[in-house]
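Asks: One structure, as structure tokens, below. Some questions next.
The values are calculated or read from the model by the stated rules, or taken from the named source; none is laboratory data. Remember, predicted model here, so these are calculated numbers, not experimental data. Cβ atoms come from the backbone with ideal geometry, glycine included; neighbour counts cover every protein chain shown. Only protein heavy atoms, including side chains, enter the accessible area calculation; ligands, DNA and RNA are left aside. Shrake-Rupley method; radii C 1.70, N 1.55, O 1.52, S 1.80 Å.
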Amino acid sequence: MIERFTYNGLPARVVFGSGTLAELPAEVDRLGARRALILTTPTRTRWGDELTALLGARAAGVFSGAVMHTPVDVTEQAMKVVRELGADCTVAMGGGSTVGLGKAIALRTGLPQIVVPTTYAGSEMTPIIGETRDGVKATQKSMAVLPETVIYDVDLTLSMPPLLSGISGINAIAHSVEALYAQDRNPIVSIMAEQSIAALGRALPAICLDPKNTDARTDALYGTWLAGTCLGLVGMALHHKLCHTLGGTFELPHAETHTIVLPHATAYTAPAAPEAMAAIERALGVKTAADGLYALAKSVGAKLALRDLGMPESGIDKAADLAVKSPYWNPRPFERDAIRALIARAWAGEPPRAGA
Ligand code: NAD
């Protein structure tokens, strides 16, 4: 049954397909920009050279210092380059870390952004930015950081190693899972979320077998677009709260943490969100949502235990205390002991347990 809802769409121009990077010069022109600053990570400077060649006179320069968690000091270095070059737009090519830098520049300057995502993180579709100052990450929502144009080119994802593809894709699935039971969920977002889980669920194991499988890569990128859109449109719940807490407190890697926590957070929430669980089960073709997500993580070869990411056992209590101290809304409210049990299972790499 359709209940009363509010739908608040976000503007997005998306160019999707194989070979779409060739559209970049025309997309810069479409924004009326003439001096694009290209953003990459230190390991992907080659992309900076390639985009410079593609953009010709439209390229003002390259900043290849993007790193995880958008530290403010890196943004300040990039801002210096923005001013020196007189850049009038940014072109961020890379994963969530590079996209984060583009958003941080947009927040300070209002410069339009073109994003060319190369992982399945999904940040490009959201008005959300997390920035780190003195080791503390703070997240905010602002329309100023929503990219104007997103170019999804399936060909650029072919080089993503199978394991990174798997965990990055499960990070995207996590956005869709939480969108299905978000407090402000609505029928449109639920359609996108279910489609996204189905597309990524069938694509990720196939990519692990053959990373150059373009049909699977297309499905995965399509699922990512939908997942990012879901994250941008509705609120996050227990799963994202736990990942932010664990990632921030113990410096755990982003996509790996999402992959490990998701089955456990889903099992915890399942009793209070039967319709969402039914949608996940339909999408994955499984009997139990949490078990299906755990099996998916296993099938892509992901680590299954937080202890294998370097989290100390003594951190279990700390993380449970921090999570309940400032909870997000969740269909099943945060209960300290049950959340501690959830984190303990994730720490040890045990399978998820229904309702706990
Ligand atoms: P990442 O951007 O750090 O990329 C991981 C690594 O993969 C990097 O070394 C990168 O150079 C490399 N890489 C990227 N694309 C590749 C490709 N096609 N082939 C080979 N290597 C490639 O990691 P990520 O998981 O994409 O993003 C994580 C970050 O994004 C986190 O900081 C997270 O907080 C943020 N994020 C933000 C939002 C949001 O809405 N604000 C949403 C999701 C994630």
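Asks: Anything in the range 150-166 that is within 17 Å of residue 200 (Cβ to Cβ), near the ligand (Cβ under 8 Å from one of its atoms) and assigned to a helix (DSSP H, G or I)? List them, or say none.
Replies: Listed by number, the residues that qualify are 157, 164.
Asks: Go through (1) more than 22 Å from the chain's Cα centre (by Cα); (2) more than 17 Å from residue 200 (Cβ to Cβ); (3) assigned to a loop (DSSP other than H, G, I, E, B) and name the single condition residue 275 misses.
Replies: (3)
Asks: Assess whether residue 68 counts as being assigned by TED's automatic domain parsing to the domain that holds residue 139 and assigned to a helix (DSSP H, G or I). Working first, answer last.
Replies: Working: assigned by TED's automatic domain parsing to the domain that holds residue 139: yes; assigned to a helix (DSSP H, G or I): no.
Considered against the rule, which asks whether it is assigned by TED's automatic domain parsing to the domain that holds residue 139 and assigned to a helix (DSSP H, G or I), residue 68 comes out as no.
Asks: Counting only residues that are under 25 Å from the mean Cα position of the chain (by Cα) and small (Gly, Ala, Ser), which one in the range 22-63 is nearest to the ligand (Cβ to nearest atom)?
Replies: Among them, the one singled out is 48.
Asks: Being outside any helix (DSSP H, G or I) and either within 11 Å of the ligand (Cβ to nearest atom) or out of contact with any strand residue (DSSP E or B) (no Cβ under 7 Å at 6 or more places or on another chain) (or both), is that true of even one residue in the range 171-181? Explain how you work it out, then say what you get.
Replies: Step one: of the range 171-181, the residues outside any helix (DSSP H, G or I) are 181.
Keeping just the survivors that are either within 11 Å of the ligand (Cβ to nearest atom) or out of contact with any strand residue (DSSP E or B) (no Cβ under 7 Å at 6 or more places or on another chain) (or both) gives 181.
Scanning the range 171-181 turns up at least one residue that is outside any helix (DSSP H, G or I) and either within 11 Å of the ligand (Cβ to nearest atom) or out of contact with any strand residue (DSSP E or B) (no Cβ under 7 Å at 6 or more places or on another chain) (or both).
Asks: Also, quick follow-up: Residue 66 is checked against (1) open to solvent by less than 50 Å² (accessible area, probe 1.4 Å); (2) farther than 28 Å from residue 161 by Cβ; (3) within 16 Å of the ligand (Cβ to nearest atom) and fails just one. What number does that condition carry?
Replies: Only one criterion is unmet by residue 66, namely (2).
Asks: More than 14 Å from the ligand (Cβ to nearest atom) and either within 30 Å of residue 112 (Cα to Cα) or modelled with pLDDT of 95 or more (or both): which single residue out of 208, 230 fits that description? Reasoning before the result, please.
Replies: Working: 230 fails: more than 14 Å from the ligand (Cβ to nearest atom).
Unique residue meeting the criteria: 208.
Asks: Go over the candidates 214, 224, 218, 249 one by one and state the one that is of a type outside the set (Phe, Trp, Tyr) and either crowded, with 23+ Cβ neighbours inside 10 Å or within 12 Å of the ligand (Cβ to nearest atom) (or both). Reasoning before the result, please.
Replies: Working: 214 fails: either crowded, with 23+ Cβ neighbours inside 10 Å or within 12 Å of the ligand (Cβ to nearest atom) (or both); 218 fails: either crowded, with 23+ Cβ neighbours inside 10 Å or within 12 Å of the ligand (Cβ to nearest atom) (or both); 249 fails: either crowded, with 23+ Cβ neighbours inside 10 Å or within 12 Å of the ligand (Cβ to nearest atom) (or both).
Step by step, each of 214, 224, 218, 249 is checked, and only 224 is of a type outside the set (Phe, Trp, Tyr) and either crowded, with 23+ Cβ neighbours inside 10 Å or within 12 Å of the ligand (Cβ to nearest atom) (or both).
Asks: Tell me which residues, restricted to the range 89-126, are more than 10 Å from the ligand (Cβ to nearest atom) and open to solvent by 10 Å² or more (accessible area, probe 1.4 Å).
Replies: 107, 108, 109, 110, 111, 112
Asks: Considering only the range 130-144, I want to know if a residue exists there that is under 22 Å from residue 13 (Cα atoms), crowded, with 19+ Cβ neighbours inside 10 Å and without any contact (Cβ under 8 Å) to a residue 60 or more places away in the chain. Spell out how you get there, then give the answer.
Replies: Keep residues of the range 130-144 that are under 22 Å from residue 13 (Cα atoms), which gives 141-144.
After this cut, where a residue has to be crowded, with 19+ Cβ neighbours inside 10 Å as well, the list is none.
Within the range 130-144 (the criterion being under 22 Å from residue 13 (Cα atoms), crowded, with 19+ Cβ neighbours inside 10 Å and without any contact (Cβ under 8 Å) to a residue 60 or more places away in the chain), the answer is no, since none of the residues qualifies.
Asks: Checking residue 341 against (1) open to solvent by less than 30 Å² (accessible area, probe 1.4 Å); (2) assigned to a helix (DSSP H, G or I); (3) of a type in the set (Gly, Ala, Ser), which test does it fail?
Replies: Tallying (1) open to solvent by less than 30 Å² (accessible area, probe 1.4 Å); (2) assigned to a helix (DSSP H, G or I); (3) of a type in the set (Gly, Ala, Ser), residue 341 fails exactly one: (1).
Asks: Taking the range 301-325 on its own, how many of its residues are open to solvent by 50 Å² or more (accessible area, probe 1.4 Å), among the small types (Gly, Ala, Ser) and either out of contact with any helix residue (DSSP H, G or I) (no Cβ under 8 Å at 6 or more places or on another chain) or assigned to a helix (DSSP H, G or I) (or both)?
Replies: Residues meeting the conditions: 1.
Asks: Considering only the range 11-29, how many residues are open to solvent by 50 Å² or more (accessible area, probe 1.4 Å) and within 15 Å of residue 124 (Cβ to Cβ)? Steps first, please.
Replies: So in the range 11-29, the residues open to solvent by 50 Å² or more (accessible area, probe 1.4 Å) come out as 11-13, 16, 18, 22-23, 26, 29.
Remaining after also requiring within 15 Å of residue 124 (Cβ to Cβ): 11-13, 16.
Residues that pass the stated criteria total 4.
Asks: Does residue 202 satisfy being more than 23 Å from residue 265 (Cβ to Cβ) and outside any loop (DSSP other than H, G, I, E, B)? So that I can check it myself, show each step before the final result.
Replies: Working: more than 23 Å from residue 265 (Cβ to Cβ): no; outside any loop (DSSP other than H, G, I, E, B): yes.
Considered against the rule, which asks whether it is more than 23 Å from residue 265 (Cβ to Cβ) and outside any loop (DSSP other than H, G, I, E, B), residue 202 comes out as no.
Asks: Now, a different point. Across the range 233-246, what is the total count of residues that are within 12 Å of the ligand (Cβ to nearest atom) and assigned to a helix (DSSP H, G or I)? Break it down stepwise before answering.
Replies: Within the range 233-246, the subset within 12 Å of the ligand (Cβ to nearest atom) is 233, 236, 240, 243-244.
Still in the list and also assigned to a helix (DSSP H, G or I): 233, 240, 243-244.
Residues meeting the conditions: 4.
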